[in-house]
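Heads up, the thing below is written out as structure tokens.
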Amino acid sequence: MAKPPRLLFTSGTARGGTNFRTLILDRHPRIRMSLDPFIPLFRFYRDSLLASVGESGLLQRLESGVLDDYYFNNTKRRIMQLVQSADPDIPFDLGKWDQLRDAIASRMTLASVNLVPHLAKLPAPTFREVFENTVSMVAEARGGVDLVWAGFNDNWAMEFFRPLARLIPDAKFMLHLRDPRGVVHSSEFAEPDPRKRPTVVSFARHLRKYFAFASVLPNDPLMKDRLLITSYEPFLLDPESEVRRMTDFLDLDYVSDMIDISSFRKADGTPWQSDWAIYKSSADIWRKECPEEMAELTEFICDPEMQMHGYKPELYDRKKGLSEKAFDYALRNFRECLGWKTDFREIEQTMGCEFFRKRALESSSEMDEETIERCFLFTDVLKKLKAISVG
């Protein structure tokens, strides 16, 4: 009898080229992947983890229930730490399944509608069993023979790599990065619904969080040989080489059909409307179309974390500081944005925290651990960033 497939969990952010890489993986005959189906489950898991250690009250201090960037606030910082450190093997409250099912089904209608008929297979007494059930759900919905891997990409949920790595010892993970200027540009100009466009500062801080995690996760013994970090742009320059990195990581043979974009399919079976010309033009389109003040503000927020992963600022000059034009844009974007935000309510607090962070990078003064983690999430990240800052 063939072994059941193993869990492959990948994550990035919206507009980060994650669909592209997920569809590539799904083209392998022994891999099945779904797009962004379970974010309500991850929020419920976060809430359940906090409740398991008696910290449900932390959520009442947040203005939003979204998965956060975790910067500049002790409550957010504590939530992030508990998600990473709490015992992940906890009961699943079946009494809340009906409400959760509806939220997951609504999310699935966006890109994984084929999973909705299989939702009854998801609930179980423990979260370990629930996440194991996601594998069988995807495998059954997507079809295939002798599958080795089945899983999903869920944007915004990368902080759950560690808990799931502890829950499911044979699972593997991919963290998908992209140039933050390309991400923000796509958010602002490719997303037709202004209510889905966050403030540039909020989006950039989430991207910065991903760069920070991408710096520390590879050093965690728990993730040894279980984590692959990919960058979007190399896939456009040499797709075969990058896809071979993924198949080697998954101990599978490379299949040339994986990069046949014409064969990409949506969850409902219809063709994925794109081609290589569109993807390749997306690599540096921000340089041609993105307003300089938007790109500079993105660099201001994401630098120097973005430098740790090969993305160099081209407009923000740390010696001169944020230009007046970019500062004015930040104020205007904060005021006019109709989409979500994880900023503070007051723009002076939002920007003040960022200016403090920049000064802290240049300072030789000692900072306590809490301050470091509020500004940089991890003490090891600050050490690396200081080396870049003085370089």
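The values are calculated or read from the model by the stated rules, or taken from the named source; none is laboratory data. Please read all numbers here as calculations on a predicted model, not as lab measurements. Methodologically, a virtual Cβ is constructed for each residue, glycine included, from the backbone with ideal geometry; neighbour enumeration extends over all protein chains shown.
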Single match in VAL243, VAL201 (criterion: over 30 Å from GLU373 (Cα atoms), among the β-branched types (Val, Ile, Thr) and in contact (Cβ under 8 Å) with a residue 12 or more places away in the chain): VAL243
Can you spot a residue in region 88-110 that is farther than 26 Å from ARG166 by Cβ and among the β-branched types (Val, Ile, Thr)? yes
Filtering region 100-123 down to residues that are within 14 Å of LEU41 (Cβ to Cβ), surrounded by fewer than 18 Cβ atoms within 10 Å (Cβ to Cβ) and hydroxyl-bearing (Ser, Thr, Tyr) yields SER106
Residue, nearest to VAL201 (Cα to Cα), within region 65-111, restricted to residues that are within 18 Å of the chain's Cα centre (by Cα) and among the polar types (S, T, N, Q): GLN81
Return yes or no: is ASN133 outside the structural domain of GLN307 (by TED's automatic domain parsing), without any contact (Cβ under 8 Å) to a residue 40 or more places away in the chain and of a type in the set (S, T, N, Q)? yes
Which residue out of TRP97, TRP149 is surrounded by fewer than 20 Cβ atoms within 10 Å (Cβ to Cβ), among the aromatic types (Phe, Trp, Tyr), on the phi < 0 side of the Ramachandran plot and not assigned by TED's automatic domain parsing to the domain that holds PHE211? TRP97
Matching helices (runs of 4 or more DSSP H) fully within region 316-391 where at least 3 residues are touching a residue at least 60 places away in the same chain (Cβ under 8 Å) and more than 19 Å from SER202 (Cα to Cα): 379-389
Scanning region 49-73 residue by residue, those assigned to a helix (DSSP H, G or I), at pLDDT 95 or above and out of contact with any Ser or Thr (no Cβ under 9 Å at 6 or more places or on another chain) turn out to be LEU49, ALA51, SER52
Within region 171-194, track down each residue that is surrounded by fewer than 20 Cβ atoms within 10 Å (Cβ to Cβ) and either farther than 21 Å from LEU35 by Cα or of a type in the set (Val, Ile, Thr) (or both). PHE189, PRO194
When residues of region 143-196 are limited to those that are of a type in the set (A, V, I, L, M, F, W, C) and touching a Cys at 6+ places or on another chain (Cβ under 9 Å), the one farthest from ALA14 (Cα to Cα): PHE189
Any chance you could count how many residues in region 229-259 are loosely packed, with under 14 Cβ neighbours inside 10 Å and under 13 Å from LYS172 (Cα atoms)? 2
Residue pairs meeting the criteria (Cβ under 7 Å; at least 6 apart or on separate chains; first closer than 12 Å to PRO239 by Cα, in region 256-275; second part of a helix (DSSP H, G or I)): ASP257/SER263; MET258/ILE24; MET258/VAL243; ILE259/ILE24; ILE259/PRO239; ILE259/GLU240; ILE259/VAL243; ILE261/TRP276
Return yes when LYS3 is farther than 15 Å from GLU159 by Cβ, assigned to a loop (DSSP other than H, G, I, E, B) and of a type in the set (Lys, Arg) and no when it is not. yes
